[in-house]
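The block underneath contains the structure these notes are about, expressed in structure tokens.
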Amino acid sequence: MVRSMTGFGRGVTTTKHFQLTVEIRAVNHRFLEINTKFPKEWMESEVVAKKMLSDAVSRGKIDVIIFLKELHDTEQTIQINWSLLNAFLQAKRELSQTVPMEEKWTMQEIVSLDQVLQVEKIEFMQDEIIEAVKNALAEAIQNLIAMRDREGQGLQQVMLQYKKDLEAQIAEIRHYAPLAVEKYRERLMSRLEEVASGQTLDDRLLTEVAIYAERIDITEELDRLDSHFNQLSETLNENIAIGRKLDFIMQEMNREINTIGSKNQSTQCSAAVVQAKTILEKMREQVQNIE
């Protein structure tokens, strides 16, 4: 199965005290890189999240962001810093001896005093946090993989079309390759006729043609390309992460095509080799998007 490395997934879960949203963004990467943005006190749940992601995803750069929303009906408490408030009160009394001030304080004035009133944050239980992260992350991972699979279906069709186009160019090379030997034989005969005749001509001609034919023979390269085409078809249907394997197949195919281009330089073969390299380069670009 072809699966893209790019995608997005979101998961939401609600507890008694808060609503947790997890978002996952994934892009191409040679290896698996997971970046998380969790609160410092959520370290244990962050470890759990990374483990879940590494079990579900093989490659890609993964960014995980969480959004925490405390519920309105959650009880709130306010701590009063009495020592600080008394210090402000004493300062006001001393100032009032020089600067006219009202003796009474309003609630607005007290609230404006820095750090006198502090809203006490609710300390969530670690078990509650971990369970919420698991639930929201599981949903986000499911949505991420679903999106990657949808994009992967499109990539698979593109790869199959490129494979078909590449096979057509290799068929052209296979057809025209033997003609190079015949053309060389004709050119060589024309030159040898100028300096030799009879049996001597036949012997020298056969020897030279045999040497040339062996030097430009691309049978092994074509056979290996056929094997790579079969591997490509099989790999595209495997139910595991296939990106690295496809990349290796692309490298091997590129090696064979380069060898063919250096050995057989007939006009028709050269043109087909150029087209084959162009198609293969497009295939390699697409493979970089596959997990």
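The numbers here are math on the coordinates, done by the rules we state, and not lab data. These figures come from a predicted structure and were not determined experimentally. We place every Cβ from the backbone using ideal geometry, glycine too, and count neighbours over all the protein chains shown.
Observations, loosely collected:
- Inter-part distance where the range 237-291 and the range 2-61 are each reduced to a Cα centre, Å: 34 Å
- Amide N proximity, the range 257-291 versus residue 168 label position 7 Å along Cα-to-Cβ, cut-off under 17 Å: 269, 271-283
- Under the Karplus curve 6.51 cos²θ - 1.76 cosθ + 1.60, θ = phi - 60°, whole-Hz ³J(HN,Hα) for the range 131-138, x wherever Gly or Pro sits: 5, 5, 4, 4, 5, 5, 5, 4
- Using only the C-alpha atoms, the convex hull of the range 105-176 corresponds to 211 Å³ per residue.
- Contour excess over end-to-end distance, with Cα ends at residue 117 and residue 27 and 0.36 nm allotted per residue: 27.9 nm
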